[in-house]
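Take a look at the structure below.
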Amino acid sequence: MNTSTSTRTQRRAARLDDPRFETMRTPAVRRRLVAALIVVLVVEAAVFCLIDRAPVPAVIGLAVVILAFVFCFGALKASTRGVEELPAEALDERQWQLRGEAYARSYRIGFGLLTLELAAVAVWLIRDLPVPGTGVLAAAVLLPFHLGLVLPTMVTASSRTV
Amino acid sequence: MPPRKRSDDVELFNRLALLRAERGMSRQELADSVGVHYQTIGYLERGEYSPSATLALRLAAVFGLPMEAVFSLTPFRALSEQVYGTQEER
């Protein structure tokens, strides 16, 4: 790894390990942040479903959802000290082990959710239900992407020993 | 050989907290000297994390002691017992 990348990594690690975020690092606060992020994702899905019927309020809603998402996700990353995203050289052996466990759990949860989504699509096709609107289709593509983005952080934050 | 479950892991006892207090070191100082996060020292002291052999050797080297003086698979005797012996011994 070259020097500039290493410096950037150290800077990122130091920012995520900032003692000012210590209040967010208790298990109770982390659980609340995970719950808040789940709510944000559910609201995002609901807003996408409304986008065909009321485009303007839905776009305003989406803007609010994006802000809430950025805030919750940032707070959650600070609460886990970025263990799930930092490269190996910024972590010690315990954090490395923790990250491995978090990714293994995320994989299982993500695989389960993806299976559920594919099952829903299969049922939709078998029953020959009407084609869903653009919003639902967009949600079906974007939500798994967003979930994939936040799942390792959410699982790490749910861990007792982070 | 079937994979070993984590619940089957043997508990590893250590004297890190005692040695650190003896030498007046903070967790941060000890963590810096072995290259880990200060939280990891806390987890080690509470017995919630078992270190790799490399980390255990590094920690023992910081205190200038052999590894078996810092880590053990059986509980260490209390310091008072070692100094004064048990009532039965006395």
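Run the simple label-point estimate for residue A:138 and residue A:6 please: 7 Å along Cα→C-beta, distance reported in nm.
4.5 nm
Nearest 100 Å² is fine: how much accessible area is buried between B and A, summed over both sides, with a 1.4 Å probe? Kindly include the intermediate steps, with their values, before the conclusion.
Values: alone 6490 and 10240 Å², together 15690 Å².
Chains B and A together bury roughly 1000 Å² of accessible area.
Pop out a list of residues from the stretch B:27-48 that are at least 10 Å² less accessible with all the protein chains around than in their chain alone; 1.4 Å probe, no ligands or nucleic acids counted.
B:36, B:37, B:38, B:39, B:40, B:43, B:48
Mean shadow of chain B, computed from the convex hull of its alpha carbons, in nm²?
Mean projected area for chain B: 7.8 nm², to one decimal.
Just the accessible area per residue of chain A, please: how many Å² with a 1.4 Å probe?
Spelled out: the 1.4 Å probe surface of chain A, per residue, equals 60 Å².
For a protection proxy built on the mean count of beta-carbon atoms within 10 angstrom, sort B:41-48, A:132-139, A:92-99 highest first, please.
Result, highest mean Cβ count within 10 Å first: A:92-99, B:41-48, A:132-139.
What are the residues of the stretch A:73-94 that lose 20 Å² or more of accessible area, with a 1.4 Å probe, going from their chain alone to all protein chains?
A:81, A:92, A:93, A:94
Over chain B, calculate the relative contact order: mean separation of alpha carbon pairs under 8 Å at least 6 apart, over the residue count, as a percent.
Value for chain B: 33 percent.
Keeping the other protein chains in place, figure out the carbon and sulfur percent of the accessible area of the stretch A:29-115, with a 1.4 Å probe. Spell out each step's value before the answer.
Numbers: 3580 of 4660 Å².
After summing per-atom areas, the C and S share lands at 77 percent.
How big, on average over all directions, is the shadow cast by the Cα convex hull of the stretch A:1-151, in nm²?
Details: hull surface 45.5 nm².
Averaging across all directions leaves 11.4 nm² for the Cα convex hull.
Once the Cβ-Cβ distance between residue A:20 and residue A:46 is put in as r, and R0 is 45 Å, what FRET efficiency do you end up with, to the nearest 0.05?
0.85
If we sort A:123-131, A:44-52, A:150-158, A:104-112 on the protection proxy, mean other Cβ atoms within 10 Å, highest first, what's the order?
In descending order of packing, they fall as A:150-158, A:44-52, A:104-112, A:123-131.
Would you please state the base-10 log of I(q)/I(0) at q = 0.08 1/Å for the protein assembly as shown, with intensities from the Debye formula using one equal scatterer on every alpha carbon?
-0.48
Over the Cα atoms of the stretch A:69-135, each weighted equally, I'd like the Debye log10 I(q)/I(0) at q = 0.12, 0.15, 0.16, 0.21 Å⁻¹, rounded to two decimals.
-0.55, -0.70, -0.74, -0.92
Rounded to the nearest 500 deg cm²/dmol, what is the calculated helix-only ellipticity per residue at 222 nm for chain B, with -39500 (n - 2.57) per DSSP H run of length n ≥ 4?
So the calculated ellipticity at 222 nm is -12000 deg cm²/dmol.
Show that you can apply the helix-only estimate: for chain A, add -39,500 (n - 2.57) for every DSSP H stretch of four or more residues, divide by all residues, and state [θ] at 222 nm to the nearest 500.
-26500 deg cm²/dmol
How much of the accessible area of chain B, probe 1.4 Å, is carbon plus sulfur, in whole percent?
54 percent
Would you mind listing how long the stretch A:4-79 runs along its three principal axes, going by Cα atoms, in whole Å with the largest first?
48, 34, 14
The values are calculated or read from the model by the stated rules, or taken from the named source; none is laboratory data. Everything quoted here is computed from the prediction, not taken from an experiment. When we count neighbours, we look across all protein chains shown, and the Cβ atoms used for this are built from the backbone with ideal geometry, even at glycine. Ligands, DNA and RNA are excluded from the accessible area calculation, which covers all protein heavy atoms including side chains. Shrake-Rupley method; radii C 1.70, N 1.55, O 1.52, S 1.80 Å.
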